[in-house]
Number of protein chains: 2
Amino acid sequence: MNYPGGIKKSTIVKNITYKNRGMNLENDLNLTNQYYIDNEIAFIYKKPTPIKVVKATYNSNGNRVITEAYYSEPSTTDYNGIYKGYYIDYEAKETKNKKGFPINNIHLHQINHLRHILKENGICFLIIRFIEYNKTYLLKAKDFLDYIDNENLKNYNKSYISLSYIEEKGYLIKEKLLKRLDYLEIVDKIWRLL
Amino acid sequence: MNYPGGIKKSTIVKNITYKNRGMNLENDLNLTNQYYIDNEIAFIYKKPTPIKVVKATYNSNGNRVITEAYYSEPSTTDYNGIYKGYYIDYEAKETKNKKGFPINNIHLHQINHLRHILKENGICFLIIRFIEYNKTYLLKAKDFLDYIDNENLKNYNKSYISLSYIEEKGYLIKEKLLKRLDYLEIVDKIWRLL
């Protein structure tokens, strides 16, 4: 293989690694979900970011332009859809933290939402990426909620789920070429949908 | 009952009717879905409106303000969630048309989405309100797609589903006080979830 411009191989590799890590979790999941859709495996979508529009007008082309708006807090998880006829629901977050996953990454009403979906027998989990280790885990909502409930958290804003708990209870998601994060492979196994 | 200010009864009734009609379909569905959530019957949410943010800045309070953004086309239906463990998915539209429902109210990729969900055995339908008659129908996605496929539509932008077809194949949703549009009552019956 030729390296144009005579760049050293090591530099190239470094760039590629950096580029891969630059592909954030949302992009990886979008590509994965698009793969699932294109192959009619599952229909799972990221919900649009909730935005509260305050002012809107029309531009010279007659198109509506929003000129003042604010991001608002989501009331549910970001991703949901259908897989093999089952309702599937998850939240995805990445963290730079090395020791664990800061719980306040998941809003309180998202936690409530997870409880509701679990009660209704939905397939429900978190996808957590540790950026520093470049590792992405699937953690069942049940195990996430068990941790929160048992730890008797004193301070929601300062608490985190230890990496060791996630390594023990969670499932490492393999990175692949097309199905960047083939999380349904894990869903098949742990919910016995095979 | 007293009518303050000596307004004639007929005027009051007219106002109430007008007010009810002013409660648009989205509001009615939000109230209904909130009732379902509060009573842990179902967890069905309207997805946020998709907005493409072009420019954002910070205001003097340090909050992020979006200063230029545009509405973008949704790739899925607006509502989805879980009911009795089943995946549920629908689009809701109101029309002032008296003869029928203009098909271009449903975007082409929403039609595709309905096909996908149906294939995956999701519970999937349209909720259509005829504003002029103040009547709201549930029409199964299957019957909607059958109509489109069989009518061999020549012009998507000018075609509509006749009111008589919707009256024949659809189900009239009763208006109630708290569960404004208790569409799950119909879902129970026609999908035999009772």
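General remarks:
- Pairs from A:Lys158/B:Lys179; B:Lys47/B:Lys174; A:Lys98/A:Lys154; A:Lys46/A:Lys142; A:Lys158/B:Lys52 whose Cα-Cα separation, in the structure shown, is over 30 Å: A:Lys158/B:Lys179; A:Lys158/B:Lys52
- FRET efficiency, A:Glu132 to B:Ser159 (Cβ-Cβ, R0 56 Å, nearest 0.05): 0.50
- Label geometry 7 Å along the beta-carbon vector: A:Ser164 inter-copy distances in nm: 7.5
- When the Cα positions of A:Leu181, A:Ile148, A:Trp191 are compared along the charge dipole of segment A:70-194, A:Leu181 comes out farthest toward the positive end, with charges on each C-beta of Lys, Arg, Asp and Glu.
- Gaussian network model of chain B, Cα within-10 Å springs - most flexible of B:Glu68, B:Glu132, B:Glu167: B:Glu68
- Label-point distances for B:Asp38 to the equivalent site in the other copies, using a point 7 angstrom along Cα→C-beta, read 4.6 nm when ranked shortest first.
- Just so you know, the averaged projected area of the alpha carbon convex hull for chain A sits at 16.6 nm².
- Extension gain, A:Lys96 to A:Ser75: 0.36 nm times the residue separation minus the Cα-Cα distance gives 5.1 nm.
- Only helices enter the 222 nm calculation for chain B: every DSSP H run of n ≥ 4 contributes -39,500 (n - 2.57), and dividing by all residues gives -10500 deg cm²/dmol, rounded to 500.
- Here the Gaussian network model covers chain B, with springs between Cα atoms less than 10 Å apart; of B:Tyr86, B:Tyr183, B:Tyr160, B:Tyr86 fluctuates the most.
- Among the trypsin sites (Lys or Arg not before Pro) in segment B:129-194, those placed in a DSSP loop whose Cβ has at most 10 other Cβ atoms within 10 Å are B:Lys154, B:Lys158, B:Arg192.
- Taking the convex hull of the alpha carbon positions in the protein assembly as shown and averaging its projected area over all directions gives 29.0 nm².
- Cleavage-rule hits, chymotrypsin sites (Phe, Trp or Tyr not before Pro), segment B:90-154, DSSP coil, Cβ neighbours within 10 Å at most 16: B:Tyr133
- B:Arg115 versus B:Ile190: modelled label distance in nm, points set 7 Å from Cα along the beta carbon direction: 2.1 nm
- Starting from the label point of A:Lys93 at 7 Å along Cα→Cβ, the same points in the other copies fall at 3.8 nm, in ascending order.
Any read-out appearing in this document is the output of simple, stated calculations on the displayed coordinates, not a laboratory observation. None of these values were measured; they are calculated from a predicted model. Cβ sites come from the backbone with ideal geometry, for glycine too, and all protein chains shown count toward neighbours.
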